[in-house]
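Computed from the coordinates by the stated procedures, all read-outs in this text should not be read as laboratory data. Values in this document were obtained by computation on a predicted structure and should not be read as measured data. Methodologically, a virtual Cβ is constructed for each residue, glycine included, from the backbone with ideal geometry; neighbour enumeration extends over all protein chains shown.
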């Protein structure tokens, strides 16, 4: 019997296969003898040489040994499973397909405190890190901005197998964990829930992550300095492109979670403040028939059998809403700039927070409303998003954002004088360059102790044709910019609401009147005086938090080189 | 002197010009005599015939008479102005250029009630209508949804000239009016402020409207029946294209003002309800690199040197936000469909109110949240926008919108049975046609007395590949639509969160896996089970108010044929 089996075995190529059927077979001297008694033929029917035979014999022995080992392991596993006291307390969960309506409460990780001590709870989160030491395994479970330590150790109800399973869960897998909350003597510095840990009784994988991650959450979470260098020397860094290429992983860092929660607050506070002031939300079309603002830097769209454009701002539509009696309007939505600018603060698509308001007699009524809105926003952020601000600050250290109440309003010539005094050579009718804006921001902070201010009365010649000139001196205009940490975040003005004067000003700018007829016509049926402005949402988030790149404040940023994900 | 002047006069072509300089000259016999004493030459130096001379003489007399008349009028006007006791109380205001910060309170028209009786107030509004009868002039001043009657009559402080000025103000001009509020004995049915009128003391035009309006606000405000016909026979109607071509005028009607104020409420309630439930607002890119959902009906954009597309929905990005741990997200923004559908309910660009939510064990957790959100929205609209609802109802009569609390949830086979019972021949795995949806809406209203319901468990084969099949029976799926007045307003489902199963389902749909690799990869690093849906904002507004065309609920609608204004 053994001999017959081995005869089959020695045909090369079948070894592997045969050994599976021979799991209980042990090579012995009998086998050696058996082999000696035969002339052995190869698969083509030729007698085999001694060396070939020896080689085959060795392979057979190896195969048999392997088979035996496998069999033993198999047996042990079967036995172990039968003996596994924890076998129902861990494992991969079947894909959740809404089979049952479990009445189980999943406690948010951020809610686990010493108040829950000694209580059994279920939590769901990601396996952030794990460290197994044979008989025990420490894991950190992460949910959004919050982390808690969990631990399994071999004991009465916990098998070695369960600990091993736990240690082998791939990072970033989503797990359901059941355990008892225990207070800890020494604070767990690596977790947000530092007073407690969970002694795990059950652990199931809800959704498994691939073993290889394109970036490590820990690496993506390390503190960064202004120039993008890491604060901790020698540690792995994740560059911006890797982050953006693998955005869903990067967004899982507590920092990014905090940034985008705060950004939701920026929008909410913008809308709430204005709604409370009687503003009406509107929605302006993004696909437009004529390129606004002269046709430069505009994306073209194929629109059925013709061409159209993507709106660079909702300004015309806001103004039409004013001409249509909505009085005070705001809109939040995508705006598009086909500008090939590859800087830290330019995006080709961003979210505009725009507002426009009819006023009674002076555009400062509007300036006041916008200024107050910013203060309400800054206060709301400071009061409601302190956790987020501090979380972000750990990775991107920044001075807390400072502002004055009421808003500091500087006149343009005043600002130019400050720059002149600081050694900058420029005339008071010149526009501010980006470096000069930055410098001015520092000078204003030194002098007034604020990161936010309004610059009023820009030179008429540096503003668009529809800007209302100053009534006292046409060198100036009724226009303003607003700044955060030395960068422009809002640009606005009183608009010309008189069609004849608008035509005159357009001509003075050398604009072909035909191309803007529809715009001018909007004011032919009576229009109240009005002013407004547009805010870049991502910039507000970036500058409020002191981030270094606007892409950090855009969920899925678009720039001339990036269209994915 | 006279003769010399007349010599100049008789050269044809100069008559008109010369008469301006001769305003005090009267033709007399002396002139006749003077003319006879000369041989008169024409401009070419030839002597003129008798007839020609007579003709010229007549013209000269006519010109002189006209000059005299003008002079008299001029004089009278000067005298009148000097005598005009009201001359400082009316007129065209200089263009408001923010010259002064007037401390004047402008009372909103909607706030003028009998409580202000006998008080002097300033108001600003549009001249809605005016009716002058020589010594008095009635005007209606409109501000947004509100109107009030004003009246000027010749008296101690009011001159005839002022009344005339008032009667001549072009409709839709913006005016500042100062006067005393008087209660009236008989209600003024044509005004929203029916208990009072204003006895005007001062009136100034802030912004003049062109005399010719492309549509009359009154015509655009008349009641319309479902088929677009007017309720009042014989009155002028304004068709949809005229409305949309002159949108800023159309939007001034009280109906449109009310529609868009209510629509702002739809958005606000959507966001507030979800924010209170822990949702985080996100912003998804509109320019995308790959055509979502297979590439049909997608607009192409030139993106620097390559091509890109406009997102048909934020779905992939919402799902990525879920995979990135945001757990519960919503987004409101433009979505684009390059679909050549010219119906009452299709737009090529509309506002999507989208949400996506990770759930614990069953997608009904999400269904519940969406259902509750709708109920909160409907209640919020009913409670806070009653004026708007009634205003719209006057032009577009509709039954008040009915809903049940909690939401009525029907199973798909149940709905098919209702249709079968009503004589519709269809299988329970067929999709609902638009007419069947409409009919089902009526059947549901008859049976359950609700205009809003949820249809759960759609046949798997009529849903997209990423829809999670029902775990009990793969004929069905974990997907749902929501309806208002028999029209779909939300479509949603549990999405497949397992990359292998997603691949399998995509293959079953015959989709080339390569084209959706990025989508599938989003789920490779662990993703919680999740479900969501997308709502068409304009449709919600249209159907809540019972309007007949989605364009009425889009500020500046876009369809295959319309790109302007």
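So how long is each side of the stretch B:488-565 along the principal axes, counting just the alpha-carbon atoms, biggest first, in Å?
For the stretch B:488-565, the Cα spread along each principal axis is 45, 26, 22 Å.
Given 37 °C and 0.692 mPa s, how large is the Stokes-Einstein diffusion coefficient of the stretch A:92-207 in µm²/s, with Rh as the Kirkwood radius over Cα pairs?
The diffusion coefficient I find is 231 µm²/s.
Can you give me the distance in nm between label points at residue A:94 and residue A:302, each placed 7 Å from the Cα along the Cα-to-Cβ direction?
4.7
Could you tell me how many cubic angstrom of Cα convex hull volume the stretch B:233-361 has per residue?
Given the Cα convex hull of the stretch B:233-361, per-residue volume reads 181 Å³.
When each copy gets a label point 7 Å from Cα toward the beta-carbon at residue B:155, what are the spacings between them in nm, shortest first?
Taking the point 7 Å beyond Cα along Cα→Cβ, the inter-copy spacings are 9.3 nm.
Sort out for me the Cα centre separation of the stretch A:348-416 from the stretch B:358-429, rounded to whole Å.
Cα centroid to Cα centroid, the span is 40 Å.
Could you give the spread of the C-alpha atoms of the stretch A:232-274 along their three principal axes, from largest to smallest, in whole angstroms?
Extents along the principal axes, in whole Å: 47, 23, 14.
I need the peptides B:209-222, B:443-456, B:366-379 ranked by packing, meaning the mean over residues of other C-beta atoms within 10 angstrom, with the highest value on top.
Ranked from most to least packed, the peptides come out as B:366-379, B:443-456, B:209-222.
Starting with the fewest neighbours, write out A:280, B:137 ranked by other beta-carbon atoms found within 10 Å of each beta-carbon.
Least to most surrounded, the residues fall as A:280, B:137.
Between residue B:549 and residue A:549, take the C-beta separation as r, use R0 = 41 Å, and let me know the FRET efficiency to the nearest 0.05.
Efficiency for this residue pair is about 0.35.
Beyond 60 Å, what share of the Cα-Cα pairs of the protein assembly as shown is found? Please give it as a whole percent.
29
If you line up the long axis of helix A:386-395 against the longest principal axis of chain A, both from Cα atoms, how many degrees apart are they, to the nearest 10?
70
In which sequence would B:208, B:561, A:286 go, from the one with the fewest C-beta neighbours within 10 Å to the one with the most?
Listed from fewest to most nearby Cβ atoms, that is B:561, B:208, A:286.
Shape of the stretch B:294-363 from its Cα gyration tensor (a ≥ b ≥ c, root eigenvalues): rounded if a/c is under 1.5, otherwise prolate when a/b > b/c, or oblate?
Oblate, since a/c reaches 1.5 and b/c is not below a/b.
For residue A:473 paired with residue B:390, estimate the spin-label separation in nm (one decimal), with each label point 7 Å from Cα along the Cα-to-Cβ line.
Each label point is offset 7 Å from its Cα along the Cβ direction, giving 5.5 nm.
For residue A:157 and residue A:383, what does the FRET efficiency come to when R0 = 41 Å and r is the distance between their Cβ atoms, rounded to the nearest 0.05?
That pair, residue A:157 with residue A:383, gives E of 0.35.
Write down the percent of antiparallel bridges among all DSSP beta bridges whose residues are both part of chain B, to the nearest 5.
85
How many times 2.2 N^0.38 Å is the alpha carbon radius of gyration of the stretch B:255-553?
Relative to the rule-of-thumb radius for its length, the stretch B:255-553 sits at 1.00.
Going by C-beta contacts inside 10 Å, put A:176, B:431 in order with the fewest on the left.
The most exposed by this proxy come first: B:431, A:176.
In Å and on Cα atoms, what radius of gyration and Dmax does chain A show?
When restricted to the Cα atoms of chain A, Rg and Dmax are 35.2, 121 Å.
For chain A, what relative contact order do you get, as a whole percent, if you take Cα pairs closer than 8 Å and at least 6 residues apart?
The value is 11 percent.
Sort shortest first the distances from residue B:184 to its counterpart in every other copy, using label points 7 Å along the Cα-to-beta-carbon line, and give them in nm.
Listed shortest first, these distances are 7.7 nm.
Per residue of A:323-332, how many C-beta atoms from partner chains lie within 10 Å of its own C-beta, taken as a mean?
Average neighbour count from other chains, rounded to a whole number: 6.
Counting only DSSP beta bridges with both residues in the stretch B:32-177, what percent are antiparallel, rounded to the nearest 5?
95
Kindly give the distances from residue B:81 to its copy-mates, label point to label point, with each label point 7 Å from Cα along Cα→Cβ, as nm values to one decimal ordered shortest first.
10.6
If packing is taken as the average number of other Cβ atoms within 10 Å across a peptide's residues, how do A:269-276, A:143-150, A:422-429 rank, most packed first?
The densest-packed peptide leads the list: A:143-150, A:269-276, A:422-429.
Between the helical axis of A:364-384 and the dominant principal axis of chain A, each derived from Cα atoms, what acute angle in degrees is found, rounded to the nearest 10?
30
Note the angle between two axes, namely the Cα long axis of helix A:254-276 and the longest principal axis of the Cα atoms of chain A, as a number of degrees from 0 to 90, rounded to the nearest 10.
30
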